[in-house]
Amino acid sequence: MDYLPLFVRVAGARCVLVGGGEVAHRRLTTLLRAGARVTVIAPSVIDAVRALCVGDVELFERRFEPNDVVGSMLVVAATEDEAVNRDVHAAAVRHGVLINTVDDGMRSTAIFPSIIDRHPVIVAVSTGGRSPTLARRVRTWIEARLPTGYANAAAVLGRWRVRVADRIDDVGSRRRFWDAILDDPAARSIYEGDASRADTYVAERLAHWSEGSSGFVSLVGAGPGDPALLTLRALQCLERADVVFYDNLVSKDVLDLARRDARRVYVGKRRAFHAVRQESINALLVDAARAGERVVRLKGGDPFIFGRGGEEIETLAQHGIAFEVVPGITAALGCASYAHIPLTHRDWAQSVRFVTGNLSGDRVNLDWPELAKPDQTLVIYMGLRGLPEICRELVAHGMDPQTPAALVARGTLPDQRVIVAPLSELAEAVRDADPHGPTTVIVGRVVSLRGRLDAAAADVELRR
């Protein structure tokens, strides 16, 4: 690290600001918000700076002198004159005073980060002075995820911190208590700033707290693979998890977003090999929740689209385990979008059918006459092994052999592959291409739009 991240109390401390222009005005505003006693030194100042020079703010309209830094905690050089900034830096270093030279990291022993202020929650972002623009972008990203109610929550937690520590002496149990408090929908008063209701709520939860009652399961849709497609709620769940049970379709990049010290337990099922039976997975979820852990069951796509999510929450409900379901972008939506295939179209497809192509014995048992009807898009999950039979049966039940069809392998990931062919030729084209990874099959006239949309997307990319 070039700089040690450190929050410093400057309230009541003397700080010197050299400069009187727009940059100085921004620094002066920040220092005053932090309660500093500021001495402004500049031959001339703009009206905005002069308006702030009241009360404890001293203004000296003259040139900087080296002894001006004596007795100060921090000096800010905010002039457009490099020679003056160099002199301010030299004086500050000579007298052992922290110095910030605006837009000059080489002449700074302290820097002003990009700040998100949810007082008393403060988040500071810095690039070590290399790129204020990048720091602002990171700040904006964090700011969008940080609710304004966190300021109120910090006040409540501060009031109760000692009492909760006296009641719950184990650090891990105490963290789970606060997680349960902050995540409970009934905790709205904490974020809304209703101090009386918030205190009553925390007191009641603390009085009835027991480690075994704190477990919670989040059934989270991980999307089709690209971590950028995670929902904000899914990311929050991963960041708080004590243990993550994940399946074969969850990408490594998504799993890496889990809390660093969270346990990761693989419970996936690969084709023709069930690593963990569903009944065992259900039991693992129940046992972890009963142990007081915050559990994330991470499933590829959406938990309720061919993901057995219904079976898992049924088990949790039977055992009285609190749970939530966090939807994910299902494979059909993600793969189709990244392959530039719209699933519906006003002229060509007025409905979409999702089916699973899993083999039962050696057959794919589906309602072929319904699936072969025109003016719809057919999306087939897990259809790679049964693809020859799927294509054959659809044609046999009336679907045009020339119907456009596609197989998307490892959809939304950097190595995504899309194999397009007429329905009657798709199985052979896929066999020759030998794709690997999760696959999704899309059948319907909408597939013919892929080439046109691919060309448009490439043209846009070239003009960026």
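The values are calculated or read from the model by the stated rules, or taken from the named source; none is laboratory data. In this text, all values refer to a predicted model and were calculated from it rather than measured experimentally. Note that we place each Cβ from the backbone using ideal geometry, even for glycine, and neighbour counts take in every protein chain shown.
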| remark: Within segment 231-254, residues under 18 Å from residue 293 (Cα atoms) and not in a loop (DSSP other than H, G, I, E, B) come out as 234, 235, 236, 237, 238, 239, 240, 243, 244, 245, 246
| Consider residue 253 against the criteria (1) more than 26 Å from residue 316 (Cβ to Cβ); (2) out of contact with any helix residue (DSSP H, G or I) (no Cβ under 6 Å at 6 or more places or on another chain); (3) assigned by TED's automatic domain parsing to the domain that holds residue 266: it satisfies all of them except one. Which criterion is unmet? | (2)
| said: Out of the residues in segment 17-54 meeting the condition of being polar (S, T, N, Q) and free of Cβ contacts under 8 Å to residues at least 60 places away in the same chain, tell me which one is nearest to residue 115 (Cα to Cα). | reply: 29
| query | From the residues in segment 428-454 that are among the aliphatic types (A, V, I, L, M) and assigned to a strand (DSSP E or B), which one is farthest from residue 254 (Cα to Cα)? | reply | 443
| task | Please give the number of the condition residue 299 fails out of (1) charged (D, E, K, R); (2) more than 25 Å from residue 440 (Cα to Cα); (3) in contact (Cβ under 8 Å) with a residue 60 or more places away in the chain. | result | (2)
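To keep it simple, each residue is scored yes or no on (1) small (Gly, Ala, Ser); (2) surrounded by 15 or more Cβ atoms within 10 Å (Cβ to Cβ); (3) modelled with pLDDT of 95 or more.
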{"position": "338", "(1), (2), (3)": "no, yes, no"}
{"position": "367", "(1), (2), (3)": "no, no, no"}
{"position": "389", "(1), (2), (3)": "no, yes, no"}
{"position": "408", "(1), (2), (3)": "no, yes, yes"}
{"position": "422", "(1), (2), (3)": "no, yes, yes"}
{"position": "435", "(1), (2), (3)": "no, yes, no"}
| request: Keeping to segment 377-434, report how many residues are under 22 Å from residue 230 (Cα atoms) and out of contact with any strand residue (DSSP E or B) (no Cβ under 8 Å at 6 or more places or on another chain). | output: 3
| Which one of 63, 50 is among the basic types (Lys, Arg), over 16 Å from residue 33 (Cβ atoms), in contact with a strand residue (DSSP E or B) (Cβ under 9 Å, 6 or more places away or on another chain) and in a loop (DSSP other than H, G, I, E, B)? | 63
